[in-house]
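Just so it is clear, none of the values below were taken in a lab; they were calculated from the coordinates. What you see is a predicted model; the values in this text were computed from it and never measured. As a convention, Cβ positions derive from the backbone with ideal geometry for all residues, glycine included, and neighbour counts pool all protein chains shown.
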Amino acid sequence: MDKLAIVVPCYNEEEVLKIASKALREVLADLVQKGKIAEDSFILFVNDGSRDRTWELIEEEHSMYPARVHGVKLAGNVGHQFALTAGLITAKDMSDVTISIDADLQDDVAVIEEMIDKFHAGNDIVYGVRRERRTDTFFKRTTAQAFYRLMSLMGVKTVYNHADFRLMSKRAVEEFSKYKETNLFLRGMMPLIGYQTDSVYYDRKERVAGESKYPFKKMMALAFNGISSFSVKPISLILGMGLIIIFAAVLAAIYAFVSYFTGHVVQGWTSMILSIWFLGGLQLLAIGLVGQYIGKIYIEVKQRPRYNIEKVV
Ligand code: UDP
Ligand code: MG
């Protein structure tokens, strides 16, 4: 029987911690009773340097349910993506399969069973995907959708409308732990791991209590990180722009010469126009070219695994 660990990153979640713990304990008890997971499956709360009573509450839950609830206390606030990574990597040595979920229960715990079923059907990663975003504000919904579009335009593979509610098998987490990069954007990394994956669909609810720990600034930072950690396309855009400007310079040159020979130009205009266009284009081209090398260096320093062998016969 597979031992499940539910990993929950928590930052200032005193209002929701007990509610989340209860809901997740019920899910575990139900799955144990149905014989889908091992008796000693557990919840792992990761306290991400909370300034409120979150950690005290986690300790309290652990003393009340020592087998079901475990906690990891990070020394300071490192942010959702790192806190989740810490939790997953800690959990992988104690379990066979992990599920990550936010503390605020916006993600539907009812689909956890379906996730486990899909895991048993041979999937190593099961994505929780939001069916629609009725409960999000108009602003959050449109910015998020624009973000997913931009990501795919930049050539980054992500699962549309999937955040970090996800099942991962032990070997998937093990492979993930080989990615040593510091600029984390977990949902962009998952497709790199490979293995067979599937999705479950749910409606995202409102936060049960407390308020969002992802203000606009943090959201933008995550979005930029997502693009810059996976794509060097912006650099290629500069190079492309340089090429276009050089081409435009040729047209400008023809125009300038025609004007010069037909005679109605001020002294010095022709040479000035030619210099501006050619030098501008040349500079962009050079920056783009240097950028290509920097892009290569960037990819090299990440030292991501180059492949993941699933099986040998
Ligand atoms: N979180 C965290 N560290 C942070 C910020 C958030 O561990 O620095 C956790 C938070 O406790 C929650 C999850 O990340 O469990 C998602 O945050 P939130 O629900 O506030 O984001 P939203 O759903 O509003 O995007
Ligand atoms: Mg939330």
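Observations on the structure shown:
- Cα-projected label distance for Arg51 with Glu310, points at 7 Å along beta-carbon direction, nm: 4.6
- Angle in degrees between helix 233-262 and the longest Cα principal axis of the chain, rounded to the nearest 10: 20
- For the range 98-213, relative contact order (Cα pairs under 8 Å, six or more residues apart, normalised by length) works out to 50 percent.
- Environment charge at Ala20 (Cβ cut-off 12 Å; Lys +1, Arg +1, Asp -1, Glu -1): -4
- Overall form of the range 105-184 per C-alpha gyration tensor (a/c, 1.5; a/b vs b/c): oblate
- Ranked by how many other beta carbons lie within 10 Å on average, peptides 76-83, 168-175 from highest: 168-175, 76-83
- When the inverse distances between all different Cα atoms of the range 10-135 are averaged and flipped, the Kirkwood radius reads 15.2 angstrom.
- For the range 160-218: rounded, prolate or oblate by the Cα gyration tensor [a/c cutoff 1.5]: oblate
- Listed values for the range 8-19 are Karplus-derived 3J(HN,Hα) couplings in whole Hz (6.51 cos²θ - 1.76 cosθ + 1.60, θ = phi - 60°), namely 10, x, 9, 10, 6, 10, 4, 5, 10, 4, 5, 5, and x replaces Gly and Pro.
- Above-threshold pairs, the threshold being 19 Å between Cα atoms, out of Lys3/Lys178; Lys140/Lys217; Lys3/Lys34; Lys140/Lys205; Lys18/Lys118: Lys3/Lys178; Lys18/Lys118
- Dipole axis of the chain (+1 Lys, Arg; -1 Asp, Glu on Cβ), positive-most option in Ile299, Gly188, Ile116: Ile299
- q = 0.12 Å⁻¹: log10 I(q)/I(0) that the Debye formula gives for the chain, counting C-alpha atoms only: -0.84
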